[in-house]
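One structure is given here, and the rest of the page talks about it.
The values are calculated or read from the model by the stated rules, or taken from the named source; none is laboratory data. Values in this document were obtained by computation on a predicted structure and should not be read as measured data. Don't worry about glycine lacking a Cβ; one is built from the backbone with ideal geometry, like all the others, and counts go over all protein chains shown.
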Amino acid sequence: MSQTAFEVHDMTVAYHRRPVLWDIDLEIPEGKLVGIVGPNGAGKTTLIKAALGLVQLASGKVEIYGKSYEEQRHLIGYVPQRESVDWDFPVTVRDVVLMGTYGRLGWFRRPGKAELEIADRSLQHVGMGAFAKRQIRQLSGGQQQRVFLARALAQEAQIYFLDEPFAGVDAATESAIVELLEELRTSGKTVLVVHHDLQTVSDYFDYVILLNMRLIACGPVEETFTNENLQKTYGGRLTILDEAAEAIRRSKPLQ
Amino acid sequence: MLTGITVNAACALVGCFLILRKMSMMGDALSHAVLPGLVVAFVLTGSRSMVPMFVGAVIAGLLTTFMTQTLHQYLRVPSDASMGIVFTAMFAVGVVLVKQFTEGLHFDIGCVYEGALEYVPFGERVAGLPRQLFTSLVVLLLNFAVLIMLWKELKLSAFDPALATTMGFSATKMHYLLMVLVSVTTVASFEAVGSILVVAMLIVPASTAHLLSDRLGWMVVLSVLIGAVAAVLGFWWATYWDTSISGMMTVAAGCLYAIAVLVSPRYGLISSVLRNIRMSLLVLRDDVLAMLYRIEELKSSKKFSIAETAAAVGGGWLASVSIFQLQRSGNIEQASGSLQLTDQGREAARRLVRSHRLWETYLVEQLGMPLDHVHEPAHRVEHYIDEQIQEQLAAELETSDQDPHGRQIPH
């Protein structure tokens, strides 16, 4: 058994007291491509954000290679949802990719030649080398996504968290992303991807986390991505959890 | 005038980040909310010297930022409302304090609004410079130094706060830092340009620069220049008409913004009008070509003069221009009073008609649209379909040689 790259212990996350993720417990071994799958509002993005310290945990903990997130920042690459940033921001494609190197640089130090090389290499890697000097406003959705991926590559991380990289991209970009994910796996990285398209789960990933406010299942795709588990994930509203969450928010017992 | 330039430049530096973080109104909020801090500092120390004023302002600024954030995050007050609540409350406290403690002392409330650039040369002096000039220089240098030192951190946290936070550059910390800078800048500018005009100086030059530039570095440099130009223009105009200098500086900044709106290469009115005209001409040229092609195809003996052709594609001077352009580019020619396609024009027209008919077929075959509804959409789309999409369409269609009206799709 290989090393555990990512581990969540008994984690609960709440927004305004209302729990959105309940008692999540999971372990992901190193070197896997992991799909995070579940219906809208299942807490997929929240799982990533909690893992990255972007939202507070109500309880439990997250470990990356056995240590807390704060100690392992340098091992982590993050690709937020494309719409989360302002694409009218006055920067070039290369500037954005260069941002990937900021974490390693730390406070006050400025990116130099080495960082520029990393940025250019990452851009070429995603087939966007020719766009380096473009203003980001001019990019299509697929190109924006590639730029974000290049930025993540420039982070030179061990474990990557990608939030819906396939949302609204063209077919060519989608296959380019898949290829890139596979390369990352080959070089021993672990990649967690929030994913929407059930059809492609078994093609793209070798591990899957099925999520619907609670953890339904987590494991290798062949064993875990079963009809029965999918039924549990998508079938029927989880009314009881929903109602319990609402009750907690109102601090009143269920009537 | 020098004071005006330094104040405007200092404001522009932090203003750039305010507007990029979409927090322009936070400048407004802070410029009012620092007032109680100033009064308390004044009352406690009995002096209007720089250090206590800055300390007071920074504390008031941080408090405002903290309260706004708390209201927004924990009580779920919308961020604009929480800003409105906090800054008006703080300002009111400030006004009350002024009335209570500083009666008879030199603390002119009118001065808070309008500033008193006019009197700068006659005021007290620090290090040989008028006090306001000295303060604003200090703040300009401070802003400049912070920007240089934390350039990449400020840039990243403005563009993608989530990533910044995961990298250990807490976006919240950067937010507070920026707010401290804004507070300090506001205070330094207070006496010179007045609280309301500070807001203009924070936002207008930076927005103008945003319209005109693609790079953050350029945007910052430009905004400083624009702030300075506004200061100089405002000074001249105010002297000429003998009116409020800071008022005129804001008017000047507004004028510069208006000019940028007109000429900006991307969003500018002029360029968008030009773009629209160019697009209309393209559509009209396409329409003329396609119409002549269809006439040829029907083997109709009908001849179209220039005027008739122009009328057929909707008329107007643009239609005449488009026909003229087609003639000049050798796509159509005039023979015995009527227009005809040249070989080159026929080729172009065939591509268009192919796009049109492929699209119609696609709409009927794949999207199941009724036959009498497909001409209009195809007519709109045909101008944008290049060869690559044509091939994709042809490959996806079952019948790619005949359109749903039974007409041949040209190759």
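Output yes when any residue across the stretch B:39-48 is in contact (Cβ under 8 Å) with a residue 60 or more places away in the chain, buried (at least 22 other Cβ atoms within 10 Å of the Cβ), closer than 23 Å to residue B:250 by Cα and in contact with a Gly (Cβ under 9 Å, 6 or more places away or on another chain), and no when none is.
no
For the stretch B:375-398, which residues satisfy the criterion of being within 20 Å of residue B:288 (Cα to Cα) and outside any helix (DSSP H, G or I)?
B:385, B:386
With respect to the numbered conditions (1) surrounded by 17 or more Cβ atoms within 10 Å (Cβ to Cβ); (2) touching a residue at least 12 places away in the same chain (Cβ under 8 Å); (3) farther than 30 Å from residue B:219 by Cβ, which one is the sole condition not fulfilled by residue B:77?
For residue B:77, the exception is condition (2).
Of all residues in the stretch A:186-203, which are within 18 Å of residue A:222 (Cβ to Cβ) and surrounded by fewer than 17 Cβ atoms within 10 Å (Cβ to Cβ)?
Passing the criteria: A:198, A:199, A:200, A:202, A:203.
This table checks each residue for (1) surrounded by fewer than 20 Cβ atoms within 10 Å (Cβ to Cβ); (2) at pLDDT 90 or above.
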residue	(1), (2)
A:128	no, no
A:137	yes, no
A:149	no, yes
A:153	no, yes
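Out of the stretch B:341-357, which residues are free of Cβ contacts under 8 Å to residues at least 60 places away in the same chain, assigned to a helix (DSSP H, G or I) and either aromatic (Phe, Trp, Tyr) or in contact with a strand residue (DSSP E or B) (Cβ under 7 Å, 6 or more places away or on another chain) (or both)?
B:345
Without any contact (Cβ under 8 Å) to a residue 12 or more places away in the chain and among the basic types (Lys, Arg) - does that describe any residue in the stretch A:94-111?
yes
Using the structure shown, decide if residue B:136 is crowded, with 24+ Cβ neighbours inside 10 Å, away from every other protein chain (no Cβ under 12 Å) and over 27 Å from the mean Cα position of the chain (by Cα).
For residue B:136, the condition - crowded, with 24+ Cβ neighbours inside 10 Å, away from every other protein chain (no Cβ under 12 Å) and over 27 Å from the mean Cα position of the chain (by Cα) - is met.
Restricting the search to the stretch B:245-271, which residues are closer than 17 Å to residue B:3 by Cβ and either of a type in the set (A, V, I, L, M) or in contact with a helix residue (DSSP H, G or I) (Cβ under 6 Å, 6 or more places away or on another chain) (or both)?
The answer is B:245, B:246, B:248, B:249, B:250, B:252, B:253.
Residue-wise test of (1) without any contact (Cβ under 8 Å) to a residue 12 or more places away in the chain; (2) surrounded by fewer than 18 Cβ atoms within 10 Å (Cβ to Cβ); (3) within 14 Å of chain A (Cβ to nearest Cβ).
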position: B:153; (1), (2), (3): no, no, yes
position: B:183; (1), (2), (3): no, no, no
position: B:190; (1), (2), (3): no, no, no
position: B:217; (1), (2), (3): yes, yes, yes
position: B:224; (1), (2), (3): no, no, no
position: B:241; (1), (2), (3): yes, yes, no
position: B:247; (1), (2), (3): no, no, no
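Which condition breaks for residue A:171 when tested against (1) within 14 Å of chain B (Cβ to nearest Cβ); (2) free of Cβ contacts under 8 Å to residues at least 24 places away in the same chain; (3) within 21 Å of residue A:73 (Cα to Cα)?
Residue A:171 satisfies all of (1) within 14 Å of chain B (Cβ to nearest Cβ); (2) free of Cβ contacts under 8 Å to residues at least 24 places away in the same chain; (3) within 21 Å of residue A:73 (Cα to Cα) except (3).
Surrounded by fewer than 19 Cβ atoms within 10 Å (Cβ to Cβ), farther than 20 Å from residue B:407 by Cβ and modelled with pLDDT of 80 or more: does that describe residue B:285?
Taking the combined requirement at face value, the residue does not satisfy it.
Given the residues A:126, A:96, A:85, which is the only one that is β-branched (Val, Ile, Thr) and closer than 19 Å to residue A:178 by Cα?
Within the list A:126, A:96, A:85, the selection yields A:126.
Looking only at the stretch A:146-171, count how many residues are in a helix (DSSP H, G or I) and of a type in the set (A, V, I, L, M).
Matching residues across the stretch A:146-171 total 7.
Quick check on residue B:177: is it within 17 Å of residue B:61 (Cα to Cα), within 14 Å of chain A (Cβ to nearest Cβ) and modelled with pLDDT of 90 or more?
Yes; evaluated as a whole, the condition is true for this residue.
Each row is one residue, and each column tells you yes or no for (1) more than 20 Å from the chain's Cα centre (by Cα); (2) under 26 Å from residue A:93 (Cβ atoms); (3) modelled with pLDDT under 90.
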{"site": "B:158", "(1), (2), (3)": "no, yes, no"}
{"site": "B:168", "(1), (2), (3)": "yes, yes, yes"}
{"site": "B:172", "(1), (2), (3)": "yes, no, yes"}
{"site": "B:188", "(1), (2), (3)": "yes, no, yes"}
{"site": "B:198", "(1), (2), (3)": "no, no, yes"}
{"site": "B:209", "(1), (2), (3)": "no, yes, no"}
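Looking at residue B:211 and the list (1) assigned to a loop (DSSP other than H, G, I, E, B); (2) within 14 Å of another protein chain (Cβ to nearest Cβ), which single condition is not satisfied?
(1)
So which of A:13, A:55, A:34 is more than 24 Å from residue A:222 (Cα to Cα) and at pLDDT 90 or above?
A:13
Given the options A:72, A:81, name the one that is closer than 26 Å to residue A:7 by Cα and either without any contact (Cβ under 8 Å) to a residue 40 or more places away in the chain or over 22 Å from the mean Cα position of the chain (by Cα) (or both).
Every option except A:72 fails the conditions.
Just give me the residues in the stretch B:304-337 being more than 20 Å from residue B:353 (Cα to Cα), touching a strand residue (DSSP E or B) at 6+ places or on another chain (Cβ under 7 Å) and part of a loop (DSSP other than H, G, I, E, B), in sequence order.
B:305
All but one of (1) under 29 Å from residue A:62 (Cβ atoms); (2) crowded, with 17+ Cβ neighbours inside 10 Å; (3) modelled with pLDDT under 90 hold for residue A:180, so report the exception by its number.
So residue A:180 meets the others, but not (3).
Right, residue A:245: of a type in the set (Gly, Ala, Ser), in contact with a strand residue (DSSP E or B) (Cβ under 9 Å, 6 or more places away or on another chain) and in a helix (DSSP H, G or I) or not?
It is true that residue A:245 is of a type in the set (Gly, Ala, Ser), in contact with a strand residue (DSSP E or B) (Cβ under 9 Å, 6 or more places away or on another chain) and in a helix (DSSP H, G or I).
Within the stretch B:155-169, take every residue that is of a type outside the set (A, V, I, L, M, F, W, C), over 16 Å from residue A:108 (Cα atoms) and at the interface with another protein chain (Cβ under 7 Å from one of its Cβ atoms) and give me the one that is surrounded by the most Cβ atoms within 10 Å (Cβ to Cβ).
B:166
Kindly state which helices (runs of 4 or more DSSP H) lie completely within the stretch B:50-132 and contain at least 2 residues that are modelled with pLDDT of 60 or more.
B:50-74, B:79-101
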